[in-house]
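Peer 1: Sending over a structure as structure tokens; questions will come in a sec.
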Amino acid sequence: MKLKKSKEADTEYIAVSSQNKKYKIINPFSENIKINSKKVDIKIFDDENGFTYILYKRKKYLVEIVEKSQNKYTVLINGVSYTFSIETPISYKRKKYLDKNKLKSKIELIGAPMPGKIVDILIDSGAKVKEGEAVLILEAMKMQNEIIAPVSGIVKKIFVRREDIVNKEDVLVEIEKQKS
Amino acid sequence: MKIKSLLIANRGEITIRICRTAKKLGIKTYGIKTSKEPNAYYLTFLDEIIDFSDSLEDIPEFLDVERIVYAAKTHKINAIHPGYGFLAESPYFAQRCEEEGIIFIGPSPQSIYKMGNKTIAKQIANSQKVPLLKGSHGNLSSPKETREIAGKIGYPVILKAAAGGGGRGMRIVEKSSQIEKMYKLASTEAEKAFNDSSVFIEKYVRNPKHIEFQIIGDKHGNIIHLGERECSVQRKHQKLIEESPSPALDENLRKTMGDAAINIAMATKYYSAGTVEFLLDDDNKFYFMEMNTRIQVEHSVSEEITGLDIIELQIKIAQGEELEIKQKDIKMKGWAIECRINAEDVQAGFSPYLGLIDKVQYPRSKNIRIDTGITDSSVVTPYFDSMIAKLIVHGENREKAISNSLNALNKFWIKGIKTTIPFCKSVLMHKKFKSGDFNTSFIEKEMRLLYHQDKDDEMLAAYLATFDFAAALETDRTTHIDFEQGKNISPWVLNKRLRSL
């Protein structure tokens with residue numbers, strides 16, 4: 001059985017950046033790519049050395065997909081990363097609906113900004129912290145880094161102990177937001 | 001004594017750099033392999049590898065004085081070059097080498113001790129009438145004492161580790177209420193990094209320029225300088241871009257500061273390579289900060305403008321040879337800029353970016369020098385410094401050196417990890433940097449965005465992600481059979497397959 005190429009209708013996608021910027025991309029595979037209603041000429045190449053680059057307006061851009069999970073993507077363009085979720089027109093409508101009805105969480109989790117070792121804990125569970133106050137000291141690559149509370153509130157839980165080794169994005173502290 | 005064999009007690013790019021000179025001089029090189037990076041690139045440059053993989057000690061391999069000395073003895077190695085690590089500034093290590101009849105490539109243990117102790121170093125500078133900042137002129141015993149002295153000098157003050165360097169154990173104190181906390185932070189950090197918790201304070205100069213002089217001296221009392229380096233592009237006291245000469249100096253100031261640097265070195269009967277660091281304030285007044293008694297990361301920019309091989313000079317001096325060049329022979333030709341390529345995520349506050357480097361491709365040109373410690377499939381581990389390579393670019397003048405550097409950075413491709421390349425681009429394109437009028441607050445105060453972004457970058461990123469996502473959807477629709485069984489397949493291969501359906 002021969003499979004039919006779906007050529008007739010335009011295929012449309014919406015790439016939504018982490019800052020909520022939208023790119024409407026039509027027919028990404030075709031010769032007739034449109035981004036935000038403008039026709040663009042973009043080509044993707046794999047070179048013989050194993051690099052992938054985009055050729056656009058006669059300039060080369062080194063590109064790499066570093067992470068994908070379902071429709072969430074993190075890609076690098078010339079070493080700078082961008083995060084997008086890719087939506088079809090239908091899923092985009094759904095996303096908009098969900099975003100609007102999302103419950104505003106009162107809980108703020110502080111994650112480790114880098115892998116390292118907890119060398120000091122400056123607060124106790126139940127304590128009040130102010131935004132900008134240091135809560136932990138994380139040692140990484142021989143430097144001591146202060147971990148700062150991003151919001152004012154009450155320390156609900158401390159997930160680490162002194163001398164613990166943590167990975168990037170491990171949850172360290174849970175804070176319940178309070179109006180300062 | 002002629003050095004015939006050399007143990008390089010270091011890793012990464014500096015080991016490769018030292019190997020290059022050793023080969024030129026016909027010296028056999030030995031190096032150390034650790035279990036932390038058994039397949040490291042530097043190992044391929046050595047003539048002989050000494051395996052420390054079985055080390056069960058708590059001390060990191062490259063700090064294990066006794067084992068390194070023992071290894072040199074059992075392999076009958078003439079000399080040890082410590083690179084720019086901790087051992088390079090350990091008077092104890094230099095002393096142990098001397099005791100065992102091994103040539104230590106560096107200054108005498110006495111010089112290392114005196115200049116390494118910041119309090120003594122200041123006294124020496126003072127005796128040579130080199131300007132100093134107001135400070136405690138000695139180690140502090142408590143936060144209370146710190147507060148008293150700080151009150152006399154006037155805020156802001158800076159707490160520094162007496163045995164410190166590289167920004168570790170340094171804290172700026174803006175007001176007296178911060179003293180307790182900052183004292184604790186600085187002294188614990190100093191204890192961790194240098195095994196010595198003593199700290200001192202001095203007046204903190206806001207937004208100074210960081211200017212340093214490369215010194216080279218022999219064992220016969222000859223000392224010259226190879227000009228200055230401008231190292232004001234710093235983040236948290238870590239240098240990121242260095243250049244030589246400095247746009248801030250004219251011939252007069254260069255001579256005055258150069259002479260001051262030589263006088264300090266003379267006062268400790270200094271030999272080998274060293275660096276005298278100064279702060280330069282808004283009124284072009286300079287102050288002695290410290291002396292580093294070792295080869296430095298940024299020595300390469302001085303080499304590029306003077307045409308000298310500093311490692312070669314170090315080795316020859318260690319052999320007892322007299323310097324063939326005099327101060328008047330030193331001519332600074334053109335301009336050189338060094339960009340440090342660190343495995344760091346600039347977008348996440350310069351946090352270390354660990355992992356596998358799939359591919360690396362270097363720019364090539366007559367005016368480009370790359371000192372690298374990595375190759376395809378190298379791994380960035382959490383055990384060592386994040387610097388993976390240095391890009392050193394020369395130009396006939398500063399403007400040319402900047403534009404040549406930018407061209408080189410655009411062709412410096414790395415796949416698999418994030419690096420400081422986008423940061424370096426953004427600095428080199430900055431108006432303030434280009435003007436030459438910048439100081440150590442440049443990154444914090446002047447840079448709006450810490451990485452360079454072309455205006456179309458985000459759109460292209462959106463396209464790339466959409467392309468990959470759509471390709472995956474398309475396969476689902478057209479085939480219904482997952483031939484790849486969920487395996488990650490390149491979207492471009494996929495695209496070709498789709499087109500040929």
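The values are calculated or read from the model by the stated rules, or taken from the named source; none is laboratory data. What you see is a predicted model; the values in this text were computed from it and never measured. A quick note on method: Cβ atoms are made from the backbone with ideal geometry, for glycine too, and the neighbour counts reach across all protein chains shown.
Peer 1: So, in segment A:28-41, exactly how many residues are touching a strand residue (DSSP E or B) at 6+ places or on another chain (Cβ under 8 Å), closer than 21 Å to B:Ala472 by Cα and more than 9 Å from chain B (Cβ to nearest Cβ)? I'd like the intermediate steps shown before the answer.
Peer 2: Initial filter on segment A:28-41 (touching a strand residue (DSSP E or B) at 6+ places or on another chain (Cβ under 8 Å)): A:28, A:32-37, A:40-41.
When the remaining residues are screened for being closer than 21 Å to B:Ala472 by Cα, the result is A:28, A:32-35.
Of the ones still in play, those that are also more than 9 Å from chain B (Cβ to nearest Cβ) are A:32, A:34.
Adding up the residues that qualify gives 2.
Peer 1: How many residues are within 27 Å of B:Ala161 (Cβ to Cβ) and not small (Gly, Ala, Ser) if we restrict to segment B:289-314? Full working, then the answer.
Peer 2: Within segment B:289-314, the subset within 27 Å of B:Ala161 (Cβ to Cβ) is B:289-302, B:310, B:314.
When the remaining residues are screened for being not small (Gly, Ala, Ser), the result is B:289-299, B:301, B:310, B:314.
Total satisfying the criteria: 14.
Peer 1: Take the residues in segment B:332-381 that are farther than 18 Å from B:Lys400 by Cβ and touching a helix residue (DSSP H, G or I) at 6+ places or on another chain (Cβ under 7 Å); name whichever of them is nearest to the other protein chains (Cβ to nearest Cβ). Quick ask: steps written out before the conclusion?
Peer 2: Within segment B:332-381, the first condition is being farther than 18 Å from B:Lys400 by Cβ, and the residues that meet it are B:340-362, B:370-381.
After this cut, where a residue has to be touching a helix residue (DSSP H, G or I) at 6+ places or on another chain (Cβ under 7 Å) as well, the list is B:341, B:346, B:371-375, B:378.
Working: B:Ile341: 10, B:Val346: 8, B:Asp371: 20, B:Thr372: 16, B:Gly373: 15, B:Ile374: 15, B:Thr375: 13, B:Ser378: 14 Å.
It comes out as B:Val346.
Peer 1: I've got another one for you. Anything in segment B:224-235 that is in contact (Cβ under 8 Å) with a residue 60 or more places away in the chain and touching a helix residue (DSSP H, G or I) at 6+ places or on another chain (Cβ under 9 Å)? List them, or say none.
Peer 2: Going through segment B:224-235, the residues in contact (Cβ under 8 Å) with a residue 60 or more places away in the chain turn out to be B:224-227, B:229, B:231-235.
Within segment B:224-235, B:Ile224, B:His225, B:Leu226, B:Gly227, B:Arg229, B:Ser232, B:Val233, B:Gln234, B:Arg235 meet the criteria.
Peer 1: Exactly one condition in (1) without any contact (Cβ under 8 Å) to a residue 60 or more places away in the chain; (2) crowded, with 16+ Cβ neighbours inside 10 Å; (3) more than 17 Å from B:Tyr353 (Cα to Cα) is false for A:Lys130; which is it?
Peer 2: Answer for A:Lys130: the failing condition is (2).
Peer 1: Just give me the residues in segment B:343-363 being in contact with an Asp or Glu (Cβ under 8 Å, 6 or more places away or on another chain) and closer than 23 Å to B:Pro38 by Cβ, in sequence order.
Peer 2: B:Pro352, B:Tyr353, B:Ile357, B:Asp358, B:Lys359, B:Val360
Peer 1: Every residue in segment B:364-404 that is small (Gly, Ala, Ser), crowded, with 16+ Cβ neighbours inside 10 Å and in contact with an Asp or Glu (Cβ under 9 Å, 6 or more places away or on another chain), please. Please lay out each step first, then the result.
Peer 2: Restricting attention to segment B:364-404, the residues satisfying the condition of being small (Gly, Ala, Ser) are B:365, B:373, B:377-378, B:386, B:389, B:395, B:401, B:403.
Then drop every residue that is not crowded, with 16+ Cβ neighbours inside 10 Å, which leaves B:373, B:378, B:386, B:389, B:395, B:401.
Those that are small (Gly, Ala, Ser), crowded, with 16+ Cβ neighbours inside 10 Å and in contact with an Asp or Glu (Cβ under 9 Å, 6 or more places away or on another chain): B:Gly373, B:Ser378, B:Ser386, B:Ala389, B:Ala401.
Peer 1: Considering only segment B:250-273, state which residues are touching a helix residue (DSSP H, G or I) at 6+ places or on another chain (Cβ under 7 Å) and of a type in the set (A, V, I, L, M, F, W, C).
Peer 2: Hits for segment B:250-273 are B:Ile264, B:Ala267, B:Ala273.
Peer 1: State which residue pairs qualify: first residue touching a residue at least 24 places away in the same chain (Cβ under 8 Å) and facing chain A (nearest Cβ under 7 Å) and inside segment B:452-465, second residue surrounded by fewer than 23 Cβ atoms within 10 Å (Cβ to Cβ) and part of a helix (DSSP H, G or I) in any location, beta carbons under 9 Å apart, and separation of 6 or more residues or different chains.
Peer 2: B:Gln453/B:Ser426
Peer 1: For residues in segment A:51-82 being hydroxyl-bearing (Ser, Thr, Tyr) and farther than 18 Å from B:Glu344 by Cα, which is farthest from the other protein chains (Cβ to nearest Cβ)? It would help to see each step written out before you state the result.
Peer 2: Here is the first cut: in segment A:51-82, the residues hydroxyl-bearing (Ser, Thr, Tyr) are A:52-53, A:56, A:61, A:69, A:73-74, A:81-82.
If we keep only those that are farther than 18 Å from B:Glu344 by Cα too, we end up with A:52-53, A:56, A:61, A:69, A:73.
Values: A:Thr52: 7, A:Tyr53: 8, A:Tyr56: 6, A:Tyr61: 6, A:Ser69: 11, A:Tyr73: 4 Å.
Looking at residues that are hydroxyl-bearing (Ser, Thr, Tyr) and farther than 18 Å from B:Glu344 by Cα, I get A:Ser69.
Peer 1: Can you name the residue in segment B:199-220 that is over 20 Å from the mean Cα position of the chain (by Cα) and over 23 Å from B:Asn439 (Cα atoms) and, of all such residues, is surrounded by the most Cβ atoms within 10 Å (Cβ to Cβ)?
Peer 2: We begin by selecting, within segment B:199-220, every residue over 20 Å from the mean Cα position of the chain (by Cα); these are B:199-207, B:217-220.
Next, only the ones that are over 23 Å from B:Asn439 (Cα atoms) stay: B:199-200, B:217-220.
On the way: B:Val199: 29, B:Phe200: 22, B:Gly217: 25, B:Asp218: 20, B:Lys219: 17, B:His220: 12.
Top of the filtered list is B:Val199.
Peer 1: Let me ask something additional. Would you tally the residues in segment A:97-127 being within 14 Å of chain B (Cβ to nearest Cβ) and free of Cβ contacts under 8 Å to residues at least 60 places away in the same chain?
Peer 2: 11
Peer 1: Also, I was wondering about something else. Where the second residue is surrounded by fewer than 19 Cβ atoms within 10 Å (Cβ to Cβ) and the first is at pLDDT 95 or above and lies in segment B:240-257, which pairs have Cβ atoms under 6 Å and are six or more apart or on separate chains?
Peer 2: The qualifying pairs are B:Pro245/B:Met332; B:Pro247/B:Gly436.
Peer 1: State all residues of segment B:166-198 that are within 14 Å of chain A (Cβ to nearest Cβ), part of a strand (DSSP E or B) and either at pLDDT 90 or above or surrounded by fewer than 21 Cβ atoms within 10 Å (Cβ to Cβ) (or both); if no residue qualifies, say none.
Peer 2: Listed by number, the list holds a single entry, B:Ile172.
Peer 1: Hey, could you check segment B:138-158 for residues that are in contact with a Ser or Thr (Cβ under 7 Å, 6 or more places away or on another chain) and closer than 13 Å to B:Ser198 by Cβ and say which is surrounded by the most Cβ atoms within 10 Å (Cβ to Cβ)?
Peer 2: B:Leu140
Peer 1: Could you run through segment B:237-268 and say how many residues are touching a Ser or Thr at 6+ places or on another chain (Cβ under 7 Å) and not β-branched (Val, Ile, Thr)? Explain how you work it out, then say what you get.
Peer 2: Quick first cut of segment B:237-268, residues touching a Ser or Thr at 6+ places or on another chain (Cβ under 7 Å) only: B:240, B:244, B:267-268.
From what is left, the residues that are not β-branched (Val, Ile, Thr) are B:240, B:244, B:267.
So the count comes out to 3.
Peer 1: Moving on. Do you know which residues across segment B:307-341 are assigned to a loop (DSSP other than H, G, I, E, B) and either out of contact with any strand residue (DSSP E or B) (no Cβ under 8 Å at 6 or more places or on another chain) or surrounded by 22 or more Cβ atoms within 10 Å (Cβ to Cβ) (or both)?
Peer 2: At the first step, the residues of segment B:307-341 found to be assigned to a loop (DSSP other than H, G, I, E, B) are B:307-309, B:319-326, B:330-334.
Result: B:Gly307, B:Asp309, B:Gly320, B:Glu321, B:Glu322, B:Glu324, B:Lys331, B:Lys333.
Peer 1: Pick from segment B:409-427 the residues that are without any contact (Cβ under 8 Å) to a residue 60 or more places away in the chain and part of a helix (DSSP H, G or I): which of them is farthest from the other protein chains (Cβ to nearest Cβ)?
Peer 2: In this case the residue turns out to be B:Ser426.
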